[in-house]
Structure formats: structure tokens, C-alpha cells
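Please treat every number below as a calculation from the coordinates, not as lab data. What you see is a predicted model; the values in this text were computed from it and never measured. With ideal geometry, Cβ positions are generated from the backbone for all residues, glycine too; neighbour counts draw on all protein chains shown.
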Amino acid sequence: MHNAGMNDLTSSTSGTSDESSDLSASNAPYARLTPECVLDAVDGVLMPTGRRTDGRMLALNSYENRVYQVGVEDEAPLVAKFYRPERWSDEAILEEHAFVADLAAREIPAVPALVLDGRSLHEHEGFRFSLFERRGGRAPDLDNRETLEWIGRFIGRIHAVGASQPYRARPAIDIQSYGYEPRTYLLEQGFVPDNVRDAWRTAVDLALEGVEAAFIRAGDVRQLRLHGDCHPSNVLWTEAGPHFVDFDDSRMGPAIQDLWLLLPGDRADASRALADLLAGYEDFCEFDQRELYLVEALRTLRLIHYSAWLARRWHDPAFPAAFPWFNTQRYWEERILELREQIGAMQEGPLWPV
């Protein structure tokens, strides 16, 4: 369930005011984003610098946004990211850009948006986009204790910077936006089939009670700027170590959010992995152990949020093709079982590093 395409659902304030245009954009937001449009957009930014594309283009794996590797004449390719219309405001995108640029300036291995002609956010034919250096890498070996500690050190450095000031245009990971609001949306929009609706509603309500109890036990933990979606696919490994990509889901939230996504599913293995991550993390940033009460609560919120994300994007033609199992009878039956497992996991008590 920890899918790389799982992103947030925040509405942008920069959408068109025409109601029919809004409907068309939400149903097929990328219908006009043809290869010619992508190359013209990138050329429009590059040509004033004396560079141009060479016509090569490769679509990269992304559902929330559209991301392409674009060839550049006599140079390494660039990555062009076209933001989903009506999702983030310009201010929210630029806040994320500034955060990642600050990390990179401090030699923390994150990939910032390129600044060209004084801007990191560009526009072409109604699409907002940014350009990035192409950074390759492989999946990290999370069974290796040294690898986990190395990743933990860099997450600690990211959080030390993230704690220095808050986001103002980006929201927080919280129970309302990741739990109650998605629950209401799924029920009101009729995505849950009638014959399992009551069972799902009972399970999700009990799960959210468990989440509430976990947050009460944790108390008033610190909120800071996070990567937000720090699962293994967003940590690329090279001989020089890890680098972090795709801060598109960056929000305010507790530090543990960027750690638990790297843990294995087995509780004993997760405890050992957490100890290794924290061994590196605490070299650079203090960790409040009260946040350990939030591991299973945050996992529960992510599961609820993910179902609502798929539902909200179902009119985008890319989603039924990529997720044909969504909204089937079996899908919702599995979600009920999953929520019941999470209720039990939250009752077990916090995960402790060993």
C-alpha cells in the first residue's frame, strides 16, 4: 500500500474560474499535454540560455503529476515535472522549492528545481512545470544496518533544516485531512459498495478512534517541514550514498512520518530497523520518543487517505488503467480487514527501537 504515487489532495487556489473548464481539467487534466507541448514548454525555458531539446522524451513513472526525461542537445537530459492542475497553489510549490534548495545548499543530497531566468516554476499553455537535473540511483538495501544509519543521518539533517521555520502555504499531516475528510468523501461520493458500506464505516470509525487515542498518548509533539513521502522509492542509492527525490508531498508533520515508511512490515524487524535509523538520525536532530506512539496511527491514516486519493483521481483516464483493482468488491473487503488489523496494531502499544 505504500505506493510511490500516493500523494496529497490539497486544492490549489490557482485554478480557472470557468466552471466548465474546471470540470474538463479535473476529468482529463493532461489531455492537452502532448509530446509537442512538453518539448515546446522545455524549449521555451532553455532557448534563452542557448540550449534546446533534441526531440527525445521518456515518460517516467508518476500518476499525480506528469514527469518526463527530456533530451538536451550536447548535454545530459533533464527531468521536466508538470504539476497536476488545481492541486497546489504557486505559493505552495515555491515553498517546497525553497526548502529543497536550502537542503541542497547545505550539501544535503536532495534534488532541487533548477532556477532559470530567475525562476524555478514556469508556465506553458496553462501547465505549470519545473526542470530538474537527472539523478539516477538504485533502491537502498534496507536490510543493511549501515545503509539505514546513513539514511537516518541525512533525514536528521533534513529535519534540522525543516524545524528552522514552518511552511505557511502547505498544510499538515493530521487526523482531519488524512482521516476524517477522506472517510466522509468516500461515503458521500458512493465509492464504498452498499453491501460492505456498514462494515467499512464501522472499521474506519474504530480505526480513527485508535488514531485519536495514539495522538493523545503522544501529546504535543513538534511539527516540522518534512519530506512527507519518504518511502524507499524516493530514496535513491549511489556509491556516494543516498539522495532524496520527489518532495511533492512535503508538509508539516511529526518527524516519525519520514522514518516509519522505511520500516519493514514485521514488528521485530521494524524495531531493529528503527534503532539503526535513529542511531544516525540523532547525530543531527533530537528525536522525541513520544512520537513512537504515532507509527501505527500514521500508517492507518495513510491507508484511509490512499483510498480517497484513488477515488478523487478516478476521472483521470490514467487511473483506471493503472489501478484496475480499485473500487471492486474485493478491494473494499481487503480494506476492511486491513483496518481491523490496524486497530489491533494500535492497541499493541508503541514500536520501540531494539
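Spatial offset of segment 140-167 relative to segment 103-138 amounts to 21 Å, using the alpha carbon center of each. A simple count of charges around GLY152, restricted to other residues whose Cβ falls under 9 Å of its Cβ and scoring Lys, Arg +1 and Asp, Glu -1, yields -3. Simple point charges give the picture: +1 on the Cβ of Lys and Arg, -1 on the Cβ of Asp and Glu, and for the chain a dipole about the Cα centre of about 160 debye. The DSSP beta bridges internal to the chain are antiparallel in roughly 95% of cases. Of the peptides 254-265, 316-327, the ranking by mean beta-carbon count within 10 Å, highest at the top, reads 254-265, 316-327.
Going from the alpha-carbon gyration tensor of segment 77-203, what semi-axes, largest first and in whole Å, does one get by taking the root of 5 times each eigenvalue?
Ellipsoid semi-axes (Å, largest first): 33, 24, 16.
For segment 145-347, the fraction of alpha-carbon pairs lying more than 25 Å apart is 41 percent, rounded to a whole number.
What is the dipole size for segment 145-347, taken about its Cα centre, with +1 at each Lys and Arg Cβ and -1 at each Asp and Glu Cβ, in debye to the nearest 20?
Working: 22 positive and 31 negative charges, 66 e Å.
Computed charge dipole of segment 145-347: roughly 320 debye.
Within the listed set GLY44, GLY190, GLY210, the residue fluctuating most in the Gaussian network model of the chain (springs between alpha-carbon atoms under 10 angstrom) is GLY190. In summary, segment 21-133 shows an alpha-carbon radius of gyration equal to 1.07 times the 2.2 N^0.38 Å reference for compact globular proteins.
Along the axis of the charge dipole computed for segment 198-354 (Cβ charges of +1 for Lys and Arg, -1 for Asp and Glu, origin at the Cα centre), the listed residues ILE216, GLN289, TRP260 are led at the positive end by ILE216.
Taking 0.36 nm per residue of separation and subtracting the Cα-Cα distance, what length does fully extending GLN289 through GLU239 add?
Details: separation 50, 0.36 × 50 = 18.00 nm, distance 3.19 nm.
Full extension from GLN289 to GLU239 adds 14.8 nm.
Considering only GLY344, ALA279, LEU303, and ranking their Cα positions along the charge dipole of the chain that arises from unit charges at the beta-carbon of Lys, Arg, Asp and Glu, the one farthest toward the positive end is GLY344. The charge dipole of segment 95-205, taken about its Cα centre with unit charges on the Cβ atoms of Lys, Arg (+1), Asp and Glu (-1) only, comes to about 260 debye.
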